[in-house]
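Read the structure below first, then the notes.
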Amino acid sequence: MDLDPLAIVTAFGLIFLAELPDKTMFASLAMGTRMKPLYVWFGASAAFLVHVAIAVGAGSLLGLLPGWIVKVVSGLMFLFGAFMLLRGGDEDGEDEAGAKTVTGFWPVFGTAFMAVFIGEWGDLTQITTANLAATNGTWSTAIGSWAALMSVSALALVAGRFIAKRVPLKTVQRVGGFCMLALAVWSFVEVFTG
């Protein structure tokens, strides 16, 4: 297992920015207001771990292709991610799982796990994680991505109301979108210079 600190930081930064304006953050916030926040965080973190494992596995398979193909696919995926973030979305933050009043560790864990597990399929962060794993290494990407996802969930549970009222999500989306756009350009440049 070879860990690259730069790849970990890159994965953390990109996934953190991409997940901030995501509906999963709002789901964590909503569930945390009706259920024990620590239990919600455990359930969400477990679901994120499963998604990171799936994304990293898919990215590792992509990494078996010739280098120029991986760079083109990576560039296209980053371009798609930039488009998704820059076009903005009207996420209303409402989630049916957050409307239930659930108590006890396992019921809360299960509710949070299922809400996040279902909500993250095909999500921008899952696609970005697969993309990063193909080019930056499996373990480094997995560690950075999972840490970012858990951090956003914790942030939503601890300080979610403050963030929603003080930091415009459009700003976060734009910063993340421009970072992904820069990575797309970098990937395409590497096709011709590498």
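The values are calculated or read from the model by the stated rules, or taken from the named source; none is laboratory data. Predicted, not measured: the structure shown is a model, and the values here were computed from it. We place every Cβ from the backbone using ideal geometry, glycine too, and count neighbours over all the protein chains shown. To get the accessible areas, we keep the full protein, side chains included, count just its heavy atoms, and leave off ligands, DNA and RNA. Shrake-Rupley method; radii C 1.70, N 1.55, O 1.52, S 1.80 Å.
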(request) Once you have the Cα-Cα distance between VAL185 and ASP2, take 0.36 nm times their residue separation minus that, and quote the gain in nm to one decimal. (result) 63.2 nm
(request) Go through VAL72, VAL158 and list them by solvent-accessible area, largest first, probe radius 1.4 Å. (result) VAL158, VAL72
(request) Give me the number: length gained by fully extending ARG34 to VAL50, i.e. 0.36 nm times residue separation minus the C-alpha to C-alpha distance, one decimal in nm. (result) 3.3 nm
(request) Would you mind computing, in nm to one decimal, how far apart the modelled labels at SER60 and VAL175 are, each placed 7 Å from Cα along Cα→Cβ? (result) 3.3
(message) Per residue of region 6-17, what does 6.51 cos²θ - 1.76 cosθ + 1.60 with θ = phi - 60° give for ³J(HN,Hα)? Whole Hz please, x for Gly and Pro, Karplus curve as stated.
(response) 5, 5, 5, 5, 4, 4, 4, x, 5, 5, 4, 5
(request) Provide ARG166, ARG174 ordered by accessible surface of protein heavy atoms (probe 1.4 Å), highest first. (result) ARG166, ARG174
(request) Order SER151, SER145, most accessible first, counting only protein heavy atoms with a 1.4 angstrom probe. (result) SER151, SER145
